[in-house]
Structures are given as C-alpha cells and as structure tokens.
There are 2 protein chains.
Amino acid sequence: MKLASLKHGRDGRLVVVSRDLSHYVAVPEIAATLQQALDDWATSEPRLKAVSDRLNSGAIADAQPFDPAACAAPLPRAYQWVDGSAYLNHVELVRKARGAEMPPSFYTDPLMYQGGSDEMLGARDPIVIRDEAWGTDLEAELAVITDDVAVGTSAAEAGRHIKLLMLVNDVSLRNLIPNELAKGFGFVLSKPASAFSPVAVTPDELEGHWRDDRLHLPLRTWVNDRWLGEPNAGEEMQFSHADLIAHLARTRGLVAGSIVGSGTVSNRDRTRGSCCLAEVRMIETIEQGAAKTPFLKAGDRVRIDMLDLEGRSIFGSIEQTVQLVAG
Amino acid sequence: MKLASLKHGRDGRLVVVSRDLSHYVAVPEIAATLQQALDDWATSEPRLKAVSDRLNSGAIADAQPFDPAACAAPLPRAYQWVDGSAYLNHVELVRKARGAEMPPSFYTDPLMYQGGSDEMLGARDPIVIRDEAWGTDLEAELAVITDDVAVGTSAAEAGRHIKLLMLVNDVSLRNLIPNELAKGFGFVLSKPASAFSPVAVTPDELEGHWRDDRLHLPLRTWVNDRWLGEPNAGEEMQFSHADLIAHLARTRGLVAGSIVGSGTVSNRDRTRGSCCLAEVRMIETIEQGAAKTPFLKAGDRVRIDMLDLEGRSIFGSIEQTVQLVAG
C-alpha cells in the first residue's frame, strides 16, 4: 500500500496512491490525514488496504492522476523525527572531514539525534536558505514511521512497529555544524526542515527487498542531473531500522507517527558513489588532496530516488531546487 | 487567560480555567484541542478571551470545579520542544560537575537542544523510570508556546509570537548524559518525557511581572516536601524568551504550537536554592567536598510552583512521583 498527503491545510489530505504511482483516490471516509490514520492504525490499515487493492486492480473508475508536485510530506508536521547514523562508512568519512576520531562504541551503540519535526517539506518543495555560506548539503536516507512503541521494546519486537517507509532528504548546513556540535547539545540551527518522498509505503510492498528490518536496494542521488551515487541501503547498515527504534525505547516510548531515520546511506565501495556532498568532498580530499565539489548554491537541483528491479520508482522521487531568500 | 487540556484521547480536551484555578468551562464551539486553537490563534484567541472574562466575572453558572489531576499537558503531544540554557549560573555549575569548561561564546550564543515532543506529561503524571541507577533529576523551567514564527524573525519581533507560558519539569537522567553527550549529537535517551503545569497562561495575566520577554517571579521547587529553591526566573536570564526564539529562527521557521524552554532557572545567590538536584550536588561538592543529596528514587515526590505576590499559584503546581517499572 502507498499513501500520500496532498497539500491541504497544515496536515495535508490523505490519499491512497496506486502501486505504479499513476493514480490516487481520496479516503475521507477512513481518515482525513495520515496522522489520524496512524492514531488508530489497527482500524484504518485494513480499510486503506482494501481501497489500495481496488485501486491497483483498476476497479476505481474515478481515480485521479497522481502528481508528486501536489504532495506535502506524508506527515507535513510530525510529533517526532529522530535520525540515526546507521551507515558507519558515512560516519567515519564525515568525522574524518571534521578531524574527529570514530569511537569504537559506535559499532555497538547507535548514534542518533533528535531533529525538528514541526515542518516537513514535500518532495518538490524548494530548499530555502538565507545564506549560501552556510554550506547547504543533501543527505539521502530512508525513514520509517512507527505506531505506538512502548518503553523497553526490544529490537526483536520493534520490527512489527514499522508501519511505513519513506525516502528523506535530511538537509544539512555543513558550515554551521562544527560550531553547533562544539557547544555539546547537538544540531539545532544546522538541520533545517527535511524533505520526504511523495509516498509512504508499507513494508509488504517491498517484497523480498525488505529483510532483517533493512531495505536491500540502492538509494540513488543526483545533483543538477550529475550522478552522485547509488549505495545499497541494506548491505552495510550496521543498525537495522528495528535496532534504532529499540535504542530509543530504552528510556522513552514512541508515539504513533514517530519518524525514525537511518542516517545517510553509504557503502565502502567507492564506485557506488555517495548520498551527500560532504562524502564526495572528503573522498576528493583523500584522493586528490582537496575538496573540489562545492556545496549547494542557489538554483542547484537535487534528486533522490529508489527503483525496484524493473526500474520503477517505489516512493516517487524527491526533487528539490535550492532557493536563496533575503534575510 | 488560562487554558488547560483535560485528559481525553491523544490531544486532550481544551478548557478555559478561571484565574484562581477553581473552575473551568469547556469550549468545543471554539476549538476541540489547544493545538487546534493555536492553528488559528487570531480567530480563537478573542473568542477564548471572551469566555475567560465571563468565567472570571462569575457569569458562567455551569462552570465545573477544576482538578489539576485531570489535566494532560496543555499540549499532550507537540510538534516541537526545544529547550534553552538561558541561566548561565546553572550551565556553569552543571558543566563544573561534568568537569567541562564554560566557553566564552555561551554569553552571546544561546545553548539550546531539540527535545522529544511526542509525549508530554500532565502535571500530576508519574515520572516512570526503568532503572534508578540512571540518576533521575528534575529541572524546573519556564516555557513559552509560539504561533507561527517566520525564518529570520528578530529578537525584537519574536516577543509578539509568545502566546502562552507554562512551567516545565524537564526530567533528566543524569547518569546517561555524559556518555550521550560524548557521542556528540545531543540528548536522546537522557531526556525522557517532560511534564508541564496544569494550565498555560497568556502573558497579559502576568501583569508587571512579564517584562523584557522575561518573567520576573521566583520559581519554587520541593523534593519530598523539602524546600529545594526559589530562584527568580527574570533576574539572571541571559537570553530572554524572545532571544531564544530568534536564535532558532536564524535558519528555521517555527510552526504554531512550538514549545521553547528557558533551561533550568538558577541564580548566583545560593540562599535562593536550586531548581534541580544536579546543582544541589555540585554546590555540596564545592562546599563540602562531596555530593550528599541523592538523585530521585522510586516513591520520591517533586513539586514545582510559581506564586503571584499574594501567594496564589499562577500555573497550578507540577506534582510528580517517581515510579519504577520492570524493564
């Protein structure tokens, strides 16, 4: 099942989208918004699934053409966005770029941060910045949406709380990060609003690619139509999506609609490329002595997508343009 | 005007509470929840104010007796909770306790962290922990709720976006903090759900005590009926509530219903006592060579309150008991 929130008011309007992303149907009789559906998922999920099945079989005559540009984020404002760093190759490279060591505990104790969730961008919304000198970067990731997760939930139990998956562009202001992290309390200014794929997808849509609470497919990124990378999101994910949820649940429950991110997808095999410019720049520094690829400038375009084995987009693509505003 | 959310479903039921906290009246014709009222505050505020005026004048015959124990947090789940550290005396003492230096930039660049907002506790809800060894502490603070704040909003403009104030108990797991902050990405496990005062109050209720975007009254705390402190919340607040909002707005807008905390209230005058146990323990270490006051144990009771000059509670008190659960 694939769900989207069309732009409408503060929370969007929930719709069911066909598997091939060609059509949608509104479901006001089930839930007005995705959050409302998640608040009582046990009731809404089978009803939404029934609509999805009819839509995919062509049985809904008045289905409307689906336009990703009409989409808000699946959760346009959410009660929680916590992001992990499950791909240790990325963590190693970014830390090298900052001149910081990688502590051995990072292999067993997931690194996560609490992000802002009051404003989530739609897949085609611009990345609005006030200063190019902030060093704007993309970070292509996967994220899951949970239902209610009780405190103390184990990694073995956490998988069943994963209700939907999305792609994310975790926008990062690289040049603000060193000063902010040096203060010791994590990211506040250096992580503005993230953008999400047009649709959120239930794990059963992902067939054999969803295994061990990981999604084993390449995540593809481009900047200005230049290929940036396609690392596999399953292979080197040190902590599964379930591990990340269980880590959070050590001291805190998670409320339905919580979004938990994977961190920037990254593989050690450099022919796979990268999912963020910071990695590209670090590899340039290692291989050529200096970073050559600039961070994003006004007008630059970012594209993030994940395809199935037949080359069809699963989540729809994130396509954003950087917009500089006076400030 | 004073507003509360009575426990009901996930978001509570919005009610208007009388100035003396004795009675309330439901306002379903205006808004079902506080978030809904904040989503269109320009419309809802004058209507709520009209009800409040009638309630305070005794003109509402069927007003119900108000019970703080029936209250959820004013926003039981919120889209944002960001907490500052505006009282530098607290920052200095806590950092001393951790063996960390206070950088000079802390006098000009506010220290803030993004907190979890998916679960906010009511004023009389227990503090549920799974391990006493985590070192559970209270932190008594003030917090404001904003309407929509545009990116780039200045401190001079930010004050008018402060719509409501609350008291907060920012529960902290002290013994988890050093390891978590050493990882570099801020608090995730060491800051479980915070608790909020029974009512949220508009700035105009605070009369002359609300000046320069600061609330100039003592914040009072007790543990097991032992007086812990009553530092003044206005005097040594290095960054005003407006300064904290403007800091966030440098790179990000804030969505209506964002909660911005002050950090633990603290004064240099030690006769005023403290608003958290970490400070008490640090002062004991400095004055007596070792910390003697333990962190909170199962069954311990915390009370936080703020009184007007006539000794009447403004926000209602936060009164929580620590509850240990199997984990």
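Distance between the C-alpha centers of the range A:154-173 and the range B:21-51? Whole Å please.
Between the Cα centre of the range A:154-173 and that of the range B:21-51, the gap is 35 Å.
With +1 on each Lys and Arg Cβ and -1 on each Asp and Glu Cβ, and nothing else charged, work out how big the dipole of the range A:228-327 is about its Cα centre, in Debye to the nearest 20.
Computed about the Cα centre, the dipole is about 360 debye.
Could you look at the protein assembly as shown and say what percent of its accessible area is carbon and sulfur, using a 1.4 Å probe and all protein chains?
49
Only counting protein heavy atoms at a 1.4 Å probe, give the residues of the range B:63-80, ordered by number, whose accessible area falls by 40 Å² or more when the other protein chains are present relative to the chain alone.
When all protein chains are present, B:R77, B:Y79 each give up 40 Å² or more of accessible surface.
May I ask you to list the lysines whose Cα is less than 20 Å away from that of A:K297, ignoring any residue fewer than eight positions away on the same chain?
A:K191
Between copies, how far does the label point of A:R270 sit from its twins, in nm, shortest first, when each point is 7 Å from Cα along Cα→Cβ?
Ordered by increasing distance: 5.8 nm.
Leaving out same-chain residues fewer than 8 places away, which lysines sit with a Cα under 16 Å from that of B:K49?
Reachable lysines: B:K2, B:K163.
For B:K292, give me every one of the aspartates and glutamates with a C-alpha distance below 15 angstrom, ignoring sequence neighbours fewer than eight places off in its own chain.
Result set, ordered by chain and number: B:D137, B:E279, B:E284.
Name the chain A residue nearest the rotation axis between A and B, going by Cβ position, and give the distance in whole Å.
A:G186, 1
Excluding ligands, DNA and RNA, what is the solvent-accessible area per residue of the range B:38-156 at a probe of 1.4 Å, expressed in Å²?
Result: 36 Å² of accessible area for each residue.
Looking at the range A:237-316, which trypsin sites (Lys or Arg not before Pro) are in a loop (DSSP not H, G, I, E or B) and have at most 14 other Cβ atoms within 10 Å?
A:R268, A:K292, A:K297, A:R312
Could you pull out every whole DSSP H run in chain B that spans at least 20 Å of Cα extent along its own axis and averages -1.0 or higher on the Kyte-Doolittle scale?
Both cut-offs are met by B:41-56.
Name the GluC sites (Glu not before Pro) in the range A:231-315 that are in a loop by DSSP and that have at most 11 other C-beta atoms within 10 Å, would you?
A:E310
Measure out, as a whole number of angstrom, how far apart the alpha-carbon centroids of the range A:271-327 and the range A:69-125 sit.
Rounded to whole Å, the Cα centres lie 15 Å apart.
Please give the total accessible area that chains A and B bury against each other, computed with a 1.4 Å probe and expressed in Å² to the nearest 100.
When A and B are taken together, about 4600 Å² of accessible area is lost.
Would you kindly work out, in nm and rounded to one decimal, the distances from the label point of B:R47 to those of the same position in each other copy, ordered shortest first, with label points 7 Å along Cα-to-Cβ?
2.6
The values are calculated or read from the model by the stated rules, or taken from the named source; none is laboratory data. This one's a predicted model, so the numbers in the text were calculated from it and none came from an experiment. All Cβ positions, glycine included, derive from the backbone under ideal geometry; neighbour counts span all protein chains shown. Remember, those area values only see protein heavy atoms, side chains included, never the ligands or the DNA or RNA. Shrake-Rupley method; radii C 1.70, N 1.55, O 1.52, S 1.80 Å.
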